[in-house]
Structure formats: structure tokens, C-alpha cells
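Right, one structure below, let's go through it.
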Amino acid sequence: MRRFQLSRTCWVVLLLGIGWVMPSLWAWGDTPNSSIYYMYFDEQIPLGLQSGQVAVLHEAKAQEVNLEGQTRLIKGAKNAGLKIGTIEPVVVIGWSTVEVASAVSESDVRSSVSSLVRTDTADFVSPVLLNQYGPVYVTPHIFVGFENDITADQAEKLLADLVAGEIVARDYAGMEHVYYVHCQSKNGFEVLDLANTLAVLPEVQFAEPDFLATGVMDLSPNDPYYTSGSLWGLYNYGQSGGTANMDMDAPEAWDITTGSASIKVAILDLGVQLDHPDLAANLIDGDDETGHGTGGGPYNSCDNHGTMVAGTVVAIINNGIGVVGIAPGCKVMPIKIGVASASSPPCGNSFIAYDSWLVDGLSWAQSHGAKVTSSSFEWGQSSAITTAYNTAYSFGLINFAASGNDSASSIAYPASLSSVNSVGAVDRTGTKASWSNYGTGLDFSAPGVSIWTTDRTGSAGDSSGDYVQVNGTSFSSPYAAGVAALILSYDSSRTPAQVSSLMASTCKDRGAAGYDTTYGWGLISAANALGTFLNPPQPFNLVSPADGATGVNPSTTFTWTISTNATSYKLQVATNSDFSPVTREQAGITTTTYQLTGSSVLSQETLYYWRVYAVNAGSQVVSTPDHRSFTTWRDCNNNGQDDAIEIAGNPALDCNVNGWLDVC
């Protein structure tokens, strides 16, 4: 490993959302202070500051600072003139929060952190920062992503010149040009300042601490027992006041496929009970990014959420017990990327995680053959995490995430990313749940109210049995991911964009006609999506240019009517009616309109024929009638107007009446 001088150290605390609405947590400390921030790419994200408290790291593998460590810390603080109060362990190994009575203002906190660093009684000291979800801790590591045109030698020279520390990894987690650096500084303020300094350099795309974050889960168990026949999200016949057919059409989809064992859905969460009788046979390739060695299973008694999420996807079908997932023939890859904040009931909805745990989890999913990911949480913005989702998408993974449970008109992160499909929640009447986030960027809606799913067995879970009823976009996201898994089970060659497009085109429309920001494309339907593989596209009509039209713009726009069951269209233009050869061709059109631009523009004064094919996975049908013709205009003076129309409006432009503009 190459070593160099680093002057700062970084950690970040994130808050994730996987369940119900959580009240604002700025009240935990001061309101956001613009003088303390981190950089999300080029954007400053303000952070608040918790007064009266700091966080310390003892890197020895101990769950909390042991008695000897506490004694040294208290003695060192006393020698530094600091009065220390309660020392509380954080659920992440090695971290504790420490009360410091004199740390009232920002300058007091900075002074307290510096004093504790000088005592050399801890491996690292961080302020307790705050974002909209809760506490954020700076750690001794930073992510530094360089611009694509910066060579490795240039990048490492810049790090060597500006930073004191050690490069831990290059191209971290498969992200090109991204370095993971351990800083020598033991002061969290210094590490954050260093990251911010690096972030604004022209050579650097982003730089930020590897934050340790608290998350909130988008769920709220509302019944401690399991009731059979309540899976309305899969099959809704109007039970319990619901609206018939406001479901995902699971039984009809299962007539086509229940899923393929080769399709793996990565559940990025708090761990899944690996021996649950209704899940175990459908779990594969798990991993624990938190370092607790659980293999993707829970760690403490409050790591319950992942088991609930997994059940909505792959709970076993026809085994005579419990519930069934939307894609019971597929496999779930449980990837543990966080630890529940509480270690014993009452558990609450929060957890804590490093940025790098989620980054590593996405990398694990990618390298171990996952085709789909589901993220049922809200997280503070992170350049490294954004890059990781984008990287996974570019490698062919289709990502889904919960829109959030904050009743907000904006989508929570990471669901807000363009490389992630955002999923909101509806109830059994097909109506948006009152608490489900909506707004620009919402892609789909899925069941998220009164959802029965798997719970950790016995007394270990949130209920007294093996199943639990829950609410939240946490469960809408994996339902949507499961529908994507069914599509890929039938045709694994489809790209993420193609799967998303198919799901969008086959949703049950809700709200305003077509796409809207309340429901996205609508309520997802597994049967409608899979039905496109079996049902041929239906006849449709060509609209414009009209058959026999003259004076058509060479950059004309073609339009046609919708073909039921079509997932895309192919346009062909030729100078003869047998289309041999084809002059212009465009496949993969997902709307019923297409304009010729650039090199596709047609020649002037030419007779053309055109036709459109409606395409699905298994067949295609030519438009009715099978083709139409038109003649393009002449525009000899290149002013973007038909010469014939110009002459008709002003005959003086053609003095010799030969049909040509005199200027030509």
C-alpha cells in the first residue's frame, strides 16, 4: 500500500427509511449549521451539530469501550480539563458516544474533540453531526472519486501531496477512479474539512467521508399475529373493504411463471433469518458487510426488517404454511448493510451503517450474479453511494427503492436516483397511502398497507409468531423488484431499461391518465407484464403523414395508434413499396411517435413508403394498412418552407411559372 501524508479523517452517519413516518430529528441538537457541511458531488449539504456530546472510536474488536478503556478516557479527559459524563456504546463495534458537559457551542465541541485527540486515549474522535434523519459520525476514511481523464499516477500524486494517510483500495467496489483512503488524523472535524477541500478540486469528481449513519425504516408492524387469506396485494377480490382487482395479479402471472431459480434479487437490508421455514430454501449467496459474520442473517435482536422484506419476494409457494412471495420461484440474496440501532425490544425503526457497507453490498450483488436489487430505506445523499448504484445499473442490475414514508412531495434518497426505480405505496382500494412519498421521479406504485409477510420466528421477531402484518414503502419496493424478477425469469436478456419500460407500459393506471407524480406509471401488474410475452400485439393504424400526402417535411414526424400488448415499435421508410432496400429504420421506439432528425432526414421531392411493426417478446404485426406513401417537399432555398406553398402565397416568387422559386 502506498503511504502519504493525510491531514484529515472522515466518517458519516446516515439515516435510512424503511417503514413509517418518523418525526424530524433536528430537535436532537442544534438546527443545521451552514458552516458544517459535506459535499454531495458539487452541492453543499448542511449538517447540524449535537452539543454536549462527541463520539469516540476504539478500533479494537470490542462492542464497547471496556472498563480499562473507559478509565483511560476519563483520566485523559480530566488531565485535558474536560468533564466527561455517561459513555454509551453504539451498536457498531468500537464506537461510543461520550457526554462532555462543556461542549455547548460549535467552538466548544471543536475544542473538546481536539483535546480528546491530544490525550491519545481513543483511536478517533468525531463530533456528533445531524442530518434530517438523525446523528452522523465522521470516520477515519474518505472516498475520493477522480474525473475520468485523470490518470492513476496523477490521482495518487495529488493524494500524496494533500493527504497524510494510506490508500486502502483503488477502484473501490468496482467504481472506476474511486479511492478509499484511511486518514492519519484522529480528528473528525479535520477529516471532514479535508474531504470538502478535495471535493472542490477540478481533478476530483467527489470526495466525502465514509459516514456512519443512523437510518429509519419504512415499516410499522400493526398486528402481532398472522391471519390467513389477507394477501390482498397478490389477489384482491374486494375483501375487507378493498376494491377488486387492485392487486398485482399474482395468480394470473404464476400461470405463466413463478420465477426462475437463476434470477437473484439482492435485498440490501439488516439481514434475513437464514433458517426461516418459509424462506430458507429460497435464500442464496448471502453476505454480511457489517463485519459480524452473519452470512447475511440478523445480528442483534432488533435486526428484523430484512426478514419481512424478503418474505414479500420469495416466501415459498405451496408448502402448506405461512405466506407466499410475488416471485416464489426466484432466489433472494440477503446482504446485511446495517445494524438496528437498538439491541433489544422495543426496537424502533432506526439502524446505523457506514456508507461503505452499502457500497460494498451493491458490489457484492453485482459480482455474485444478482439481477435485481431492492433498498427499503432512506439515506442521506452520498456521492460514493450514488456512484455505486450507477455502476450497478451500468452492469445490468435493475434497482428499486422505497419512495419514503414521510408524506412528502419529494422522493427519498436513494429512490430519487435516475439509476433506481422509485416505488410508492397504495392500499387495498388502489389509493396512495397517505404517508407515501410522491412527486417528480416516482416510477411505480405497489401494495404497501396491511401487508402480511415473514417475521423472525418465535419471540425473536416483531410478533409472537412467525408472520407479521406491516405497512410501508419498504414492502412496495420488494414487491416491484419481485415483478422485475418474474420478467427476467421469462427473458433474462432484457436490460434494466427494457424491464422498467415493460413494467411502466403494463401498469394499472391510477390518478391522472398516463404518468403522474402521485402514482408514477400506476399499480404494477405481474400478469400484464408477463402477458406481453404470450399475447401478440394487436392491429393498429398509421396516422401521419397521411397516405398520399405531398409537401411533407423531410424531417417529418411519424405517428400511429397504440397496439395493445406491444412493448416497442419499429419504423421503416423506403423508396419502394416492397421496402427493398430500407432507407431509414429505427427500432426500440417506446412511444407512438417518432421524428426524423440529423442524418435520418429524408431527401427532398422524393416518393417514400413507410410502415411500423408493433413488437413484443414473441411476435410482431405489421400496421393496418401494411404501408403508406407520401412525397417530400422541395425547399430549394433552404429556408425550412415548402416552395409550392411559398409560390401559392406569392406568385411573384415564380415569374416564369415553372414551379421553381426564381431565386433558385
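The values are calculated or read from the model by the stated rules, or taken from the named source; none is laboratory data. Just so you know, these numbers come straight off a predicted model, no measurement behind them. Because the Cβ atoms are built from the backbone with ideal geometry, glycine has one as well, and the counts that use them run over all protein chains shown. For the accessible areas, the whole protein counts, side chains as well, though only heavy atoms, and no ligand, DNA or RNA atoms are used. Shrake-Rupley method; radii C 1.70, N 1.55, O 1.52, S 1.80 Å.
Quick notes on this structure:
Here's the yes/no breakdown for (1) of a type in the set (D, E, K, R); (2) in a strand (DSSP E or B); (3) over 23 Å from residue 249 (Cα atoms); (4) more than 16 Å from the chain's Cα centre (by Cα):
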residue: 421; (1), (2), (3), (4): no, yes, no, no
residue: 425; (1), (2), (3), (4): no, yes, no, no
residue: 428; (1), (2), (3), (4): yes, no, no, yes
residue: 435; (1), (2), (3), (4): no, no, yes, yes
residue: 445; (1), (2), (3), (4): no, yes, no, no
residue: 449; (1), (2), (3), (4): no, no, no, yes
residue: 453; (1), (2), (3), (4): no, yes, no, yes
residue: 456; (1), (2), (3), (4): yes, no, yes, yes
residue: 459; (1), (2), (3), (4): no, no, yes, yes
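- Taken as a whole, the condition of being open to solvent by 50 Å² or more (accessible area, probe 1.4 Å), more than 22 Å from the chain's Cα centre (by Cα) and farther than 19 Å from residue 461 by Cβ does not apply to residue 260.
- Out of 402, 342, 408, one residue alone is open to solvent by less than 30 Å² (accessible area, probe 1.4 Å), more than 30 Å from residue 168 (Cα to Cα) and free of Cβ contacts under 8 Å to residues at least 40 places away in the same chain. It is 408.
- Only one of the listed residues (93, 142) is at pLDDT 90 or above and either assigned to a loop (DSSP other than H, G, I, E, B) or not aromatic (Phe, Trp, Tyr) (or both). That residue is 142.
- Residue 633, sole failed condition from (1) surrounded by fewer than 16 Cβ atoms within 10 Å (Cβ to Cβ); (2) closer than 23 Å to residue 574 by Cα: (1)
- Tally, over the range 632-643, of residues that are closer than 12 Å to residue 553 by Cα and either touching a Pro at 6+ places or on another chain (Cβ under 9 Å) or of a type in the set (A, V, I, L, M, F, W, C) (or both): 3
- Enumeration of residues in the range 96-107 that are within 15 Å of residue 129 (Cα to Cα) and not in a strand (DSSP E or B): 103, 104, 105, 106, 107
Yes or no, residue by residue, for (1) closer than 15 Å to residue 401 by Cα; (2) modelled with pLDDT of 95 or more; (3) not in a loop (DSSP other than H, G, I, E, B):
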{"site": "465", "(1), (2), (3)": "no, no, no"}
{"site": "469", "(1), (2), (3)": "no, no, yes"}
{"site": "477", "(1), (2), (3)": "yes, yes, yes"}
{"site": "486", "(1), (2), (3)": "no, yes, yes"}
{"site": "492", "(1), (2), (3)": "no, no, no"}
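- When each of 527, 513, 546 is tested for being in a loop (DSSP other than H, G, I, E, B), aliphatic (A, V, I, L, M) and either open to solvent by less than 40 Å² (accessible area, probe 1.4 Å) or free of Cβ contacts under 8 Å to residues at least 40 places away in the same chain (or both), the lone residue that passes is 513.
- Taken over the range 101-125, the residue count meeting the criterion of being open to solvent by less than 40 Å² (accessible area, probe 1.4 Å) and either closer than 11 Å to residue 50 by Cα or under 27 Å from the mean Cα position of the chain (by Cα) (or both) is 2.
- Scanning the range 285-316 for residues that are farther than 16 Å from residue 454 by Cβ, open to solvent by 20 Å² or more (accessible area, probe 1.4 Å) and assigned to a loop (DSSP other than H, G, I, E, B) turns up 285, 289, 291, 292, 293, 294, 295, 299, 301.
- Total residues in the range 561-602, condition in a loop (DSSP other than H, G, I, E, B) and either closer than 21 Å to residue 537 by Cβ or open to solvent by 60 Å² or more (accessible area, probe 1.4 Å) (or both): 18
- Residue 358 vs. criteria in contact with a strand residue (DSSP E or B) (Cβ under 7 Å, 6 or more places away or on another chain), of a type outside the set (Lys, Arg) and farther than 29 Å from residue 131 by Cβ: no
- The lone exception for residue 252 - which of (1) surrounded by fewer than 22 Cβ atoms within 10 Å (Cβ to Cβ); (2) at pLDDT 95 or above; (3) in a helix (DSSP H, G or I) it fails: (2)
- Residue check, residue 227 out of contact with any Cys (no Cβ under 7 Å at 6 or more places or on another chain), modelled with pLDDT under 95 and not small (Gly, Ala, Ser): yes
- Test: residue in the range 605-618 that is in contact with a helix residue (DSSP H, G or I) (Cβ under 7 Å, 6 or more places away or on another chain) and of a type in the set (Ser, Thr, Tyr): no
- Within the range 494-507, the residues that satisfy the criterion of being more than 19 Å from residue 402 (Cα to Cα) and either surrounded by fewer than 24 Cβ atoms within 10 Å (Cβ to Cβ) or in contact with a Gly (Cβ under 6 Å, 6 or more places away or on another chain) (or both) are 494, 495, 498, 505, 506.
- Only one entry of 176, 208 meets the criterion of being at pLDDT 95 or above and farther than 30 Å from residue 97 by Cβ, and that entry is 176.
- Annotation for the range 470-490: at least one member residue is over 14 Å from the mean Cα position of the chain (by Cα), surrounded by fewer than 24 Cβ atoms within 10 Å (Cβ to Cβ) and either over 25 Å from residue 527 (Cβ atoms) or of a type in the set (Ser, Thr, Tyr) (or both).
Conditions (1) in contact with a Pro (Cβ under 7 Å, 6 or more places away or on another chain); (2) modelled with pLDDT under 95, marked per residue:
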site: 270; (1), (2): yes, no
site: 279; (1), (2): no, no
site: 285; (1), (2): no, yes
site: 290; (1), (2): no, no
site: 298; (1), (2): no, no
site: 308; (1), (2): no, no
site: 317; (1), (2): yes, yes
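- The sole residue among 464, 434, 459, 450 that is open to solvent by 10 Å² or more (accessible area, probe 1.4 Å) and without any contact (Cβ under 8 Å) to a residue 24 or more places away in the chain is 459.
- Among the residues of the range 317-339, the ones that are small (Gly, Ala, Ser) and surrounded by fewer than 24 Cβ atoms within 10 Å (Cβ to Cβ) come to 3 in all.
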